[in-house]
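Quick one: the structure is below, questions incoming.
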Amino acid sequence: MKLPKKIIKKRRLETLVENKLTHTLECAEMHIFETHEKVENFTLEFSHPLLVSMIKGRKIMNLNNISPFNFVPGETLILPPNELMRVDFPDASLNRPTQCLAMTISEDKIRETIDFLNEERGKVDGQWKLKDSNLLISNDMAIQQIIQRLLFLFAEDHPSKDMFADFMLRELIIRVLQSEAKTNYLKNAKALSVDDRLAYIINYIRENLSKHLTIKELSDKVCMSESNFYRVFKNELNISPIDFINNERIKLACELLKNPDKQVKEVYMECGFNSMSYFIRVFKRKELISPGEYQLKAVSKRRWIY
């Protein structure tokens, strides 16, 4: 992510800690913060829901009920209103300032978008809603591109920029909601599986990776047609059921390959792949190296550590 030239030209250094440049639209404000010296326990608080995304450098975030964590480029943090942030800047200097984007979005805009999503693409169990808690997500390509585009729009002198930004903000909110739902499912599938059909299926897949899993079997278990199950699964998790199963199998394969006594043939069978060639193809697409190469690196790293 990069700052547009128009924003760079407008910057004025007034303070070395969280020097702020603000751009305003009808339903959102964007603040660009820069810090030019090391500092600890700097506090910030906003009265509206906040999206924070790192542009350059590193912060250590201290939030309620979460252990301190490094916040780096490629990550976005969603915070509820009035969340107190305590921030450390361990690396900032005049030559290497920390840059961060903080965007507040009106609660009316968020509510309107959530209502639209519930009407057009309602969840199979429950409703879409923005959780009243902190959420840290890794930017996928779509979210990264939307934020970059909004940076440009906020700084642009175009008479219709509010209209353009309105569409972009709606898409951003929807993608964040989907990312939040996916994160919740993946982290808490077992706990949620009693009351939520998708959580039940995620948990079932993880417990039966060695078996031959089909869309028909999975859809039957949650009393849906195959087409409706496929649509709901992809709508809420942003991934097809088959791709999700393959991803989980590759995660399992990576763990198994750390054992030097395991043969690649044993691993692919334990992970439920029906052929060695398909396993290798999927593994290389996900990990960018072959299973054999992965095992050699994992075993060598383990020996080096011990």
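Here is a check on your reading of the model: is Leu77 out of contact with any helix residue (DSSP H, G or I) (no Cβ under 7 Å at 6 or more places or on another chain), under 21 Å from Asp166 (Cβ atoms) and surrounded by 20 or more Cβ atoms within 10 Å (Cβ to Cβ)?
Values: out of contact with any helix residue (DSSP H, G or I) (no Cβ under 7 Å at 6 or more places or on another chain): yes; under 21 Å from Asp166 (Cβ atoms): no; surrounded by 20 or more Cβ atoms within 10 Å (Cβ to Cβ): yes.
In short, no.
Here is a yes/no grid of residues against (1) open to solvent by 40 Å² or more (accessible area, probe 1.4 Å); (2) part of a loop (DSSP other than H, G, I, E, B):
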| site | (1), (2) |
| --- | --- |
| Phe33 | no, no |
| Ser67 | yes, yes |
| Asp108 | yes, no |
| Val124 | no, yes |
| Lys129 | yes, yes |
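Report the residue count in region 13-24 for those that are modelled with pLDDT of 80 or more and outside any strand (DSSP E or B). First the steps, then the outcome.
Here is the first cut: in region 13-24, the residues modelled with pLDDT of 80 or more are 14-24.
Narrowing the set further to residues that are outside any strand (DSSP E or B) leaves 14-18.
The number of residues fulfilling the criteria is 5.
On to the next question. Can you pull out the residues in region 4-30 that are free of Cβ contacts under 8 Å to residues at least 60 places away in the same chain and among the small types (Gly, Ala, Ser)?
Listed by number, the list is empty, since nothing qualifies.
Follow-up. Which residue, of Lys10, Lys2, is touching a strand residue (DSSP E or B) at 6+ places or on another chain (Cβ under 8 Å), within 18 Å of Arg149 (Cβ to Cβ) and surrounded by fewer than 15 Cβ atoms within 10 Å (Cβ to Cβ)?
Details: Lys10 fails: within 18 Å of Arg149 (Cβ to Cβ).
None of the other options fit; the residue is Lys2.
Would you confirm, using the coordinates I've provided, whether Lys56 is touching a residue at least 40 places away in the same chain (Cβ under 8 Å), of a type in the set (Lys, Arg), open to solvent by 10 Å² or more (accessible area, probe 1.4 Å) and within 23 Å of Leu172 (Cβ to Cβ)? Explain how you work it out, then say what you get.
Details: touching a residue at least 40 places away in the same chain (Cβ under 8 Å): yes; of a type in the set (Lys, Arg): yes; open to solvent by 10 Å² or more (accessible area, probe 1.4 Å): yes; within 23 Å of Leu172 (Cβ to Cβ): yes.
It is true that Lys56 is touching a residue at least 40 places away in the same chain (Cβ under 8 Å), of a type in the set (Lys, Arg), open to solvent by 10 Å² or more (accessible area, probe 1.4 Å) and within 23 Å of Leu172 (Cβ to Cβ).
Here's a check for you: in region 227-248, which residue that is open to solvent by 20 Å² or more (accessible area, probe 1.4 Å) and in a helix (DSSP H, G or I) is farthest from Asn184 (Cα to Cα)?
Keep residues of region 227-248 that are open to solvent by 20 Å² or more (accessible area, probe 1.4 Å), which gives 227-228, 230-231, 234, 238-239, 242-243, 247.
From the residues that got through so far, the ones that are in a helix (DSSP H, G or I) too are 227-228, 230-231, 234, 242-243, 247.
On the way: Ser227: 24, Asn228: 22, Tyr230: 19, Arg231: 19, Lys234: 15, Ile242: 20, Asp243: 18, Asn247: 17 Å.
By that ranking, first place goes to Ser227.
For region 111-122, does any single residue satisfy the condition of being in a helix (DSSP H, G or I), among the acidic types (Asp, Glu) and modelled with pLDDT of 90 or more? If you could, list the steps in order and put the result at the bottom.
Kept after step one, since they are in a helix (DSSP H, G or I), are these residues of region 111-122: 111-120.
This time we only want the ones that are among the acidic types (Asp, Glu), so: 112, 115, 119-120.
From the residues that got through so far, the ones that are modelled with pLDDT of 90 or more too are 112, 115.
Looking for residues that are in a helix (DSSP H, G or I), among the acidic types (Asp, Glu) and modelled with pLDDT of 90 or more, one finds at least one in region 111-122, hence yes.
Now, a different point. Can you list residue pairs whose Cβ atoms sit under 6 Å apart, with the first residue in region 258-277 being within 17 Å of Asn247 (Cβ to Cβ) and charged (D, E, K, R) and the second being assigned to a loop (DSSP other than H, G, I, E, B) and open to solvent by less than 80 Å² (accessible area, probe 1.4 Å)? Count only pairs 6 or more apart in sequence or on different chains.
Pairs found: Glu270/Ser210.
Please state which one of Asn82, Asn95 is within 23 Å of Thr15 (Cβ to Cβ) and modelled with pLDDT under 90. Give the steps one after another, and end with the answer.
Details: Asn82 fails: within 23 Å of Thr15 (Cβ to Cβ).
Matching residue, one of Asn82, Asn95: Asn95.
Further question: Read through the list (1) open to solvent by 80 Å² or more (accessible area, probe 1.4 Å); (2) within 22 Å of His48 (Cα to Cα); (3) not in a loop (DSSP other than H, G, I, E, B), then give the number of the only condition that Leu169 fails.
(1) is the only condition that Leu169 fails.
Name the residue, out of Phe33, Phe71, Phe46, that is over 18 Å from Met1 (Cβ atoms), in contact (Cβ under 8 Å) with a residue 12 or more places away in the chain and of a type in the set (Phe, Trp, Tyr).
The unique qualifying residue is Phe46.
Give the number of residues within region 185-215 that are in contact (Cβ under 8 Å) with a residue 40 or more places away in the chain, open to solvent by 20 Å² or more (accessible area, probe 1.4 Å) and of a type outside the set (D, E, K, R).
Summing the residues that are in contact (Cβ under 8 Å) with a residue 40 or more places away in the chain, open to solvent by 20 Å² or more (accessible area, probe 1.4 Å) and of a type outside the set (D, E, K, R) in region 185-215 gives 2.
In region 251-306, which helices (runs of 4 or more DSSP H) lie fully inside it and hold 3 or more residues that are open to solvent by less than 90 Å² (accessible area, probe 1.4 Å) and in contact with a Lys or Arg (Cβ under 9 Å, 6 or more places away or on another chain)? I'd like the intermediate steps shown before the answer.
Working: elements: 264-270, 276-287, 291-305.
Per the criteria, 276-287, 291-305.
Further, regarding this structure: Just the residues that are charged (D, E, K, R) and surrounded by fewer than 15 Cβ atoms within 10 Å (Cβ to Cβ), please, taken from region 80-106.
Of all residues in region 80-106, those charged (D, E, K, R) come to 83, 86, 88, 91, 96.
Once the filter is applied, which keeps residues that are charged (D, E, K, R) and surrounded by fewer than 15 Cβ atoms within 10 Å (Cβ to Cβ), region 80-106 yields Asp91, Arg96.
Name the pairs whose Cβ atoms lie under 7 Å apart, with the first residue in region 142-155 and of a type in the set (D, E, K, R), the second open to solvent by 20 Å² or more (accessible area, probe 1.4 Å) and modelled with pLDDT of 90 or more, and 6 or more positions between them or separate chains?
Listed by first residue and then by second, the contacts come to Arg149/Met168.
The values are calculated or read from the model by the stated rules, or taken from the named source; none is laboratory data. Here the structure is a predicted model, which is why all the values come from computation and not from measurement. Here Cβ is always computed from backbone atoms with ideal geometry, including for glycine, and neighbour counts include all displayed protein chains. For accessibility, only protein heavy atoms count, side chains too; no ligands or nucleic acids. Shrake-Rupley method; radii C 1.70, N 1.55, O 1.52, S 1.80 Å.
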